[in-house]
Amino acid sequence: MASIPSDHNARPAAPHENPVVASHFRSKAEQEDAGKMGMWLFLTTEVLLFGGFFCAYAVFRMLYPETFEGASAKFLDWRIGAINTVVLLLSSFTVAMSIRNAQLNQQWWLRINLIITIACAIFFLVTKLWLEYWPKIVEGKLPGTFFTYSGAMTDHDQIFLSIYWTATATHGLHVLIGVFLLTWLLVRAWKLHFGPKTYLALENVGLYWHVVDLIWIFLFPLLYLV
Amino acid sequence: MTHPSHPNMPGESNAHDHHEGPHISSVRTLVTVFVALLAFTAITVFTAKMTDLGDFGDIVLALGLASVKGTLVCLYFMHLRYDNVFYSFLFLSCLGALALFLGLTMLDINNRDNIDPIRSQHAVPVPLDIAGRARFDEAQRLGRDLYMANCAACHAVDARGIPGLGENLIGDSFVLRSSDAELVDFIIKGRTANDPLSETGVPMPPRGGNPNLTDEQIAQIVVYVRALQPKDAKPKP
Amino acid sequence: MRSLPKITARSATLGAIIALALPCAPAMADGVMRRMFFPARAAEYSGPSDSVSFFIFWTTAFFFVLLMGLMAIFVVKYRRRPGQAAPRSPSHNTPLELAWSGIPLILLGMMFFFGARLYIEMRTPPIDSTVINVTAQKWGWTWEYPGGEQSLESVTLANVSSPVFAVPVGKPVRLVMNSTDVIHSLYIPAFRDKVDVIPNRYTTYWFRAEKIGEYHLYCAEYCGDQHSQMMALIKVMSDADYQEWLAEQADTSAIPLVELGRKLSISAGCLACHSLDGRPGTGPSWKNIWGNTHVMTDGESVKVDENYIRESILEPNARIVAGYPAQMPTYQGRFSDRELRAFIAYIASLSDDGAEDAERMMEEDDAEQEASEADSPQASVPTTDF
Amino acid sequence: MSAAHDHHDHHPSYLAPKETLGKTIMSWVYTIDHKKIGVMYLCAVLFAFFLGGVLALGVRTHLWSPAETIVQIDPSTGEEREVQKERFFRDVTITRTVMRENEAGEKVRAQEERTFTSNNIYNRVFTLHGAVMVFLFIIPSVPAALGNFFLPLMIGAKDVAFPRLNLLSWYVYVFGSLMTLGALLGGGVETGWTFYTPYSTSTEFGQTTLVALAVFVLGFSSIFTGLNFIVTVHKMRAPGMGWFDMPLFVWAIYATSIIQVLATPVLGITVLLLAIERMFNIGIFDPAKGGDPILFQHFFWFYSHPAVYIMILPGFGIISEMITTHARKPIFGYRFVAFSSIAIAAISFLVWAHHMFTAMGELAAIIFSGLTMLVAIPTAIKVFAWVATLYKGSIALNTPMLYVLSFLFLFTIGGLTGPPLAVLSTDLHLHDTYFVVAHFHYVMMGGTVIAFIGGLHHWWPKMFGRMYNETFAKLGCLLVFVGFNLTFFTQFFLGSNGMPRRYATYVEEFQTLHQLSTIGSYILAIGLFVHLGVFVMSLLNGKKAVENPWGSLTMEWDTESPPIEHNFLHEPVATHGPYDYDQPIVPPRTKPGEWPLPDMPEGDDGANTKRGMF
């Protein structure tokens, strides 16, 4: 996608030195502002999408406080949640750093920070699947039809589990999408697509990644702690 | 291939707001924010696990700390502090929409039976709640007879259950943990055998299979069963 | 050029006509308007509810006439004429704009206030209300009167046999409602109220009937195939009639078994799904099924006999006839043993070759009735099926 | 790249065919031109409108007679007798093959019969009528078809901010529509378009899950369109065009887009949870498992009430454009009208639960009833402003203006029948009756659809460069107006007399009104077909349209009819307001100078946007 027309005999300019403005924009600034505003608008939709889970959580917590008070300790291990929180915070930090790297044209640091971010994201997913989801599947701590856990104490445990599974699975899906986006960024970083003038894609994916982190910041205490 | 912007355009100002170049975060700021986030996470975990502020207090504290963390992420990692103020406005308006959604929905669900002062008493009449201690003994006596006539066949005369038929009512955690009103409600509705929460695999017929049992009589049965339970058992008020 | 005073004069005339018409409104409202707009008023709060409606109606009608009148005048007066440009006129007028924001706000505030005040009344049942337990299910209503009586009377509404429910005139009645399956909504147009009936929750509908008569009851929340046939007839009767009616419903022992089954199948809403003419509905038709063999969804073949019918009523989803949805709610705890036998006898009697079986069951029942009457004259002590 | 653009011939219209048929088709399939996408949306939504209309006629025809063939028991004698009534939908028995275990425990194929009763078929038809009309037609109709075409033209931009996202939104829309059509063919849905739980989670023999997922997919299309428009309005206005120099259609689309972006995600999560509930019984909305069916209604209406304004706001915008142009008057109270759009968008998030007054708690009901009253204010401001705009105008009684007048008539009725539904005590009587049906058809069809058809006439010369037959168009308008009123005005009386909605059968006292309504629906359908004929004839041999046939002052008329591929030959500059009809002379809009137009073939146009944007 990023091949540069090379019918000129001069050295093809590195992509990050030669930003392209699409024909329907009046200027590069207009294009970049538009791109970023589009991303922010998309992020508002993400927040409201997860808002549905938060609303369901709040309502059922209000209806069945006895279930929700005990459920986190009964079904979830806060240590795994805490580790994952730290990992996500670290990845957020490295993404923020990588934007700085692009702004200062530190190409190697940019790549290293992106690699750390991707590693964190994959670590998060692996922990989630291997240490959290798999044991629960084995024990039958599943929502709805698949709920076979034998140690249930209150009527509404499975409501908690339904919210836990749908919310964390949706969040996990966003992390997975983030992994793909970050990998795409890494490939582009290797092709020198990012520099002080051209880091919009990096910034936008970064914003997305921060929102994924932000949602986890709220999911973690609600599901694992209180 | 591209064309430069028009420098003399009168309406340029609406196209973009920052000319002086983007803000570059310093390493120190980012590291400080990251460390602060870790610290707040540690505080959240610590307070939730080690202190007991009650259900409500725990939630308020945890959400308060999460909000602080979220604000830090927004302001510094997401650059809102230095960026176009319209983005902050956008983000806040979506949080506002979310707050409306959450707040008004909870307002409805929390208050749905409140305005009518007598309905909540009559919907599921529980003698313990409306008649107080005075009628307790009588209710227990009536409940015993009703229990023997309607429940003993499956739950045994001593209420300790019959394998393959009825659950043990004295030691069962479900019975112990449920409030009186919940138990009455449960008996009225019954439970089918294929309900995933059924522990016996045997259906509990609504109203114990006797349609003539009134809600009040069921409540009397509950009073009787409570009397059989160990003295230190504390069902929810 | 048209001068401004002329227009004002014309608007003033229009305004005067409307102003003159307004005082007549209440008088008209009670006559022609009410017949056009609303069904009979039968409950205490039907009248107040209509009054709020008419307040809204006349307010909105005023604005409608005003707007459409102005529009019509402008269109005629300022229609395009060749070679004549539009005269200049101001393109905004802040006081006017504020006025047409503010005045509607005040009127709307009044509407809201009247409506909310009446609403609180309509949702606060008096403490001395008679409580009737209402159960809704696909597709029928069951009213359980304070003494445990259930309606056995039925009428035909929209070609469907529907139950009749009696209520006393002048006394507050409170329906405590619950649904066994999906959301329904109890709606009696003559009472001007409807309340949703929600599974796993009790909702309340109260009224004080004022006028003796017969009124329709509908289900107003969409609930599936026979939603439109989930009707009933409310009979408002004098207290004496009401007590007599209750006594009639209470004593079923004199009703022959097949007849009892027929009555129950209407009042319990069975016929919403099970036709009597052989046409398949949501459930299999009852015509000629007695003694037949059904193929179940799991491939098993089952003969329709006493045990099978009993099981189908009490545990309907244990075995489903192939080709039908598992829709039927359980009737566990709803019928006495005799009532179950009544169903069986009635279904048997609907088959060409089931008449003998039905006869036999009726004879057995007669014998049993006699025996129990001899045994204890008051057989209304709660008994268990276990 | 700086080609000479002095000659129009070098810049063919966006409709001009390419060298070969294949290339022409490809130029549409891969297009990122907002005009082509707008036209493709137009075709798609008109198809949806046709489909929904046919389903509506089915509903109305079925309701011609009150009840079906049934065995009736005479209450006095206890005898059974048969009553015969012809109805439109009949019982249908289908045979299907199922896998079944035989006695030996092996799976074998077996034939199974299943009967769909006429009621059941009626339920499926009205459900799909609602779902198709709401999700496939009205929501995308004005914003995605007319908005896509005219929003960039009206603000003097070459395209929307994200052209590819725009094309993607069309494909997502088509995909969602195909899922809905697939559901229609695969057995249909019988839940009502509102999918209320627990009914929707417990029905069998239907494609509820598929339709829920289709709605999820369509939500993305809606979000993409809204997001695109917000950024376009913010960033791509012509030089000199401030916020209060924008046409009111742009304001309306902007307000609509805000709602689309903020409300649609909640619909997404709602239908997603519904689909998961149906697949895995997770119990969040299922009362049998401790879930709360009323919570579903909150979720659903938090989107679906604002969605009402997604439907009607763009219609308001069209009316503002048409009324100023054809009365040659500046809109009365521009700022009040512009802000009222934003106010409606904001208030729309506060009123959703007035759909649930019979189900919810009393305190919340009172609060929501009070908040609902607020919506009436900005709406009233608009209607007053439109009528005031006519004052001292020069009103041309052509088809667009006739549509404006019928809009004002119908929408005012629709709006004024809102208060009885927002006031608590009266709503208890009218909720879920035909009164509601009539009310929202007056708003959605009498409002949005009338504005949409009027707008099509208004902009038709610009979109396709052809005039239409004025006489037949007026005839169509008359038929639509008469048919519509006959269809739906009767329903107010049905409703206030206590006829509940979604009824396949009804008691006989309502028959006369139902039959009047059915007759009206056929007149309405004939009127719509007249319009279809007018449009087809116009495309085939309509008179060629000039650049600005109505003498309008908004920017989209400053280019050729139909517009060239890159909209404007010279860069447009906002030198005067959109409604300066009272100015004796308006300065020309074009600014001499460079206005780069790529002269490459349409299919390769993506090269220009290669890296930067979506």
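A few remarks follow.
- Reciprocal of mean inverse Cα separation for the range C:232-340 (Kirkwood radius, Å): 15.8 Å
- Rg and Dmax over the alpha-carbon atoms of the range A:25-225 stand at 19.4, 65 Å.
- Rg/Rh (Cα only; Kirkwood hydrodynamic radius) as it applies to chain D: 1.00
- With 30 Å² as the minimum drop in accessible area between chain alone and full protein complex (1.4 Å probe), the qualifying residues in the range B:22-47 are B:Pro22, B:Ile24, B:Val27, B:Leu30, B:Phe34, B:Leu38, B:Thr41, B:Val45.
- Dipole magnitude (debye, nearest 20) for the range B:25-101, charges at Cβ of Lys, Arg, Asp, Glu: 300 debye
- Net length gained if the chain between C:Leu246 and C:Ser372 were fully extended (0.36 nm per residue, minus Cα distance): 43.1 nm
- Size of electric dipole in the protein assembly as shown: Cβ of Lys, Arg +1 and of Asp, Glu -1, about Cα centre, debye, nearest 20: 6720 debye
- Mean separation of Cα contacts under 8 Å, 6 or more apart, over the residue count of the range C:82-226: relative contact order %: 20 percent
- Cβ-Cβ distance of D:Asn541 and C:Leu98, R₀ of 51 Å, FRET efficiency by 1/(1 + (r/R0)^6): the value works out to about 0.45.
- Between D:Ala376, D:His354, C:Tyr145, the Cα set farthest toward the positive side of the dipole of the protein assembly as shown (charges on each charged residue's Cβ, about the Cα centre) is that of D:Ala376.
- As a calculated quantity, the FRET efficiency between B:Leu75 and A:Val86 at R0 = 22 Å, using C-beta atoms, amounts to about 0.60.
- The Rg/Rh ratio of the protein assembly as shown, with both radii computed over alpha carbons and Rh defined as the Kirkwood radius, is 0.99.
- Tensor-based shape of the range B:25-101 (alpha-carbon gyration tensor, a/c under 1.5 rounded, otherwise prolate or oblate): oblate
- Extending 7 Å from the Cα toward the beta-carbon at both D:Leu185 and A:Leu129 defines two label points whose distance is 3.6 nm.
- Solvent-accessible area buried by A and D, counting both chains, probe 1.4 angstrom, square angstrom: 3800 Å²
- Unit charges at the beta carbon, dipole of the range C:214-349: most positive-side option, C:Gln226, C:Val321, C:Pro256: C:Val321
- Accessible area per residue in Å² at 1.4 Å probe, computed on the protein assembly as shown: 37 Å²
- Inter-label distance, C:Arg319 to B:Met148: 3.9 nm, where each label sits 7 Å from its Cα along the C-beta direction.
- Between C:Leu260, C:Leu118, C:Leu14, the residue with the greatest mean-square fluctuation in the GNM of chain C (Cα pairs under 10 Å linked by springs) is C:Leu14.
- Signed unit charges on C-beta, dipole axis of chain D, positive-most listed residue D:Ile139, D:Leu456, D:Tyr581: D:Tyr581
- Cα-based convex hull, the range D:142-301, per residue volume (Å³, whole number): 108 Å³
- Placing +1 on the Cβ of every Lys and Arg and -1 on the Cβ of every Asp and Glu, with nothing else charged, gives chain A a dipole about its Cα centre of roughly 640 debye.
- Distance from the Cα centroid of the range B:21-43 to that of the range C:291-348 is 69 Å (rounded to whole angstrom).
- Descending by average beta-carbon neighbour count within 10 Å, the peptides D:320-329, A:34-43, D:497-506 line up as D:320-329, D:497-506, A:34-43, the highest first.
- Entry note, chain C: relative contact order of 13 percent, from Cα contacts under 8 Å with a spacing of 6+ residues.
- Estimated FRET transfer efficiency (C:Asn292, A:Thr145; beta-carbon r; R0 35 Å; 0.05): 0.55
- The label point for C:Lys171 and the one for B:Leu38, both projected 7 Å from the Cα toward the Cβ, are 7.6 nm apart.
- Computed on protein heavy atoms with a 1.4 Å probe, the accessible areas place A:Trp190, D:Trp170 in the order A:Trp190, D:Trp170, largest first.
- Solvent-accessible surface (1.4 angstrom probe) belonging to D:Val586, in square angstrom, nearest 10: 50 Å²
- Label-zone membership for the range D:47-62, site D:Tyr522, 7 angstrom Cα→C-beta point, backbone N under 14 Å: D:57-62
- Taking a point 7 Å out from the Cα of D:Leu397 in the direction of its Cβ, the residues of the range C:38-80 whose backbone N falls within less than 14 Å of it are C:72-80.
The values are calculated or read from the model by the stated rules, or taken from the named source; none is laboratory data. From a predicted model like this one, the values you see are computed outputs, not experimental measurements. For neighbour counting, all protein chains shown are included, and Cβ atoms are generated from backbone atoms with ideal geometry for every residue, glycine included. The protein model used for the area step is the full one, side chains on, heavy atoms only, and it has no ligands, DNA or RNA in it. Shrake-Rupley method; radii C 1.70, N 1.55, O 1.52, S 1.80 Å.
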